[in-house]
1. Taking only DSSP H segments of four or more residues, each worth -39500 (n - 2.57), what value at 222 nm results for the protein assembly as shown once the sum is divided by all its residues, to the nearest 500 deg cm²/dmol?
2. Rank these residues by their accessible area, most exposed first, probe 1.4 Å: B:Glu241, B:Glu231, B:Glu170.
3. I'd like the per residue volume of the convex hull spanned by the Cα atoms of segment A:24-163, given in cubic angstrom.
4. Where in chain B lies the longest segment free of chymotrypsin sites (Phe, Trp or Tyr not before Pro) that are both loop residues by DSSP (not H, G, I, E, B) and have at most 15 other Cβ atoms within 10 Å?
5. May I ask you to list the chymotrypsin sites (Phe, Trp or Tyr not before Pro) in segment A:203-261 that are in a DSSP loop and have at most 14 other Cβ atoms within 10 Å of their Cβ?
6. If you put +1 on each Lys and Arg Cβ and -1 on each Asp and Glu Cβ, how big is the dipole of the protein assembly as shown around its Cα centre, in Debye rounded to 20?
7. Given charges of +1 on the Cβ of Lys and Arg and -1 on the Cβ of Asp and Glu, with all other atoms neutral, how large is the dipole of chain B about its Cα centre, in debye to the nearest 20?
8. Which links in A:Lys112/A:Lys283; A:Lys248/B:Lys282; B:Lys140/B:Lys184; B:Lys235/B:Lys268; B:Lys39/B:Lys195; A:Lys3/B:Lys252 stretch past 31 Å when you go from one Cα to the other?
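The values are calculated or read from the model by the stated rules, or taken from the named source; none is laboratory data. Keep in mind the model is a prediction, meaning the values are calculated, not measured. Cβ placement follows ideal geometry from the backbone for every residue including glycine, while neighbour counts extend to all protein chains displayed. The protein model used for the area step is the full one, side chains on, heavy atoms only, and it has no ligands, DNA or RNA in it. Shrake-Rupley method; radii C 1.70, N 1.55, O 1.52, S 1.80 Å.
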Amino acid sequence: MKKTGKGIGIMFYGTGYGNGYPDISRAKAKIDTDGRFTISSGACEVGQGAKTSLAQIPAEILGILTKEVIFDHEDTKTTLDAGTCAASRQTYNTGNAMKMASESLKRILESKAREILNLSEEEPLVFDNHEVIVEGDPSKRISFKQIANTADVGDLEVVEIFQAVTTKMNEETGEGNPYWPYTFGACGVEVVVDTETGTLDISKAILVQDVGRAVNPKLIEGQMDGGFAMAQGYALLEDLNIVKGEIKHHNFTKYLIPTALDAVEVKKIIVEDPESSAPFGAKGIGEPVMIPVAPAILNAIYDAVGVRITEIPVTPEKLLKAIKEVG
Amino acid sequence: MYDIEKTYKPRSISSLLDAMEETGQEGKIIAGGTDVVVKLRDGALTSKALIDISGLKEMQFIREIEGKVQIGAGTTFSDIEEHDLFDGRLKGLKEGAMEVGSPQIRNAGTLGGNICNASPAADTVPPLLALDTTVVLCSKKGLRSMKLEEFFLGKGKVDLVPGEFLYYIEFEQMTREQGLGFEKLGPRKALAISKICTAVFIDLDQDLMINNIRIANGSLGPNSLREREVENILKGEKLTEALKEKAQIKFKEVINRRLKGRRDVDFKEEAIRGIFREALEKSIERAMEKSKEGIQ
């Protein structure tokens, strides 16, 4: 018999290394003699979209297109350390370092422009298409390249360092401020359990993620789909099968992860509640998108067939056994 | 790293037979390579010669001759998947073929390979057994045929003598009031070795009398096999809910007896009931579909 059930899971997650561990990202911004903008930072693109979304931050600040940003990343010879791509920290931490470096460079460009164009401190300036322009008087303008040609070597180069707020927890009292910031998320699923075979299908899925600010909504949706699939594998398939210390499922014939045919159409809802300490309010969501999914699936199984599964993955064998036990 | 010293690519049956004669016991036939290559890499195959039949057109066909369906051993799973002969009452065979691996594997892997590899989990074998398939073998001595069921000699073993290969298989084309159903239980929806795969052929008249039924299983024994004890419960009886349940209970008993002492017996004896039921319902649906057409 096929039985349907619904379940939800909710979560909050502290991003960054946390618990007082120094969490530091560095970025260097510069304008070269051709007037091109380059930003460099050691953040790694590991498929999560750092290369794209981090580059959007200086583009926003300097009034240029994202594709015009020369983003030098990963290369340890040319970039400064920005920590690991771990703890869902790059958007927040390296994003902040890149924002600070871009803003500092912008202030330098403003100051040089005022000097060259003989402008007072009060005259408002706008940045557009690699130019600094006096607002309301576009005849007064100067390009990044012109500024670079009058500047000394090193004048248009700035390094900024961002360090996240984190304090070690007091082991006695549990007090402290181990993580900053936190993200919040929820997941709802509907499952159909075959009570004769113990197999289950996820028939509906919804995933809601607080992101602070969606720097790149499409990339976030990609992360949400990926996180859901990963969690689905975690909940239903992935098993190292350790017997007396030996990993028996040591290859992908035995250690199963979801295929495209197993993937579920997930309804994705992005919640934007800007975080005051974050770059444009944006927080990392790499790990958070995975967290509420397995609890939601287990709750849906309970709703469908009345059994509480306490060990994952929920294979048909385990589920059928549990169903038989409750009769 | 491999022991292979020679490779052959015959373009005709006669040059295939020559290559087999020349290489003798050292020759290994490779078609899609989806099992042979894996074994080579694992060092589980030490043949000195490979005979590649993937380009042998004479072994790639799906045809109907005098009320029989014949499928060449070199026919790929994708060929079966795409052929409209397997859209109606014979759909159970297509369903089995579509359960094999991934699209890439189905494009390369062949029906003959699935049979000759003799894995107990081969997805196309239960439908073929339920169709009472005959295998036609070829050697320099000529053709030899036998029931597919008798062709299997154990896990990984088939009744091929030196110098002989599987040429094609054949089974009777279905008449109306007949249907073939298939159901698989695997750990995920693709690229998974089946835990149970079951096929049911049914011949059902308009009064719901079961004139004939053949049931075959994979992954529930050393080879895919017919389930005659369950067939006997159903054959010649009128199809009712009570009868279906009786057959399910019998199935559980049969599997329990066969797998006793194995780690997965508790699961499989239960799950077979559901999988068999699905395959049976599909076969009935297909048999009835044809009856309706007959009335019109």
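1. Details: 17 runs with 197 residues, N = 623.
Here the helix-only value at 222 nm equals -9500 deg cm²/dmol.
2. Final ranking, largest accessible area leading: B:Glu241, B:Glu170, B:Glu231.
3. Working: hull volume 14.4 nm³, N = 140.
Per residue, the Cα convex hull of segment A:24-163 comes to 103 Å³.
4. B:62-296
5. A:Phe252
6. Values: 79 positive and 95 negative charges, 423 e Å.
Dipole about the Cα centre, nearest 20: 2040 debye.
7. 740
8. A:Lys112/A:Lys283; A:Lys248/B:Lys282; B:Lys140/B:Lys184
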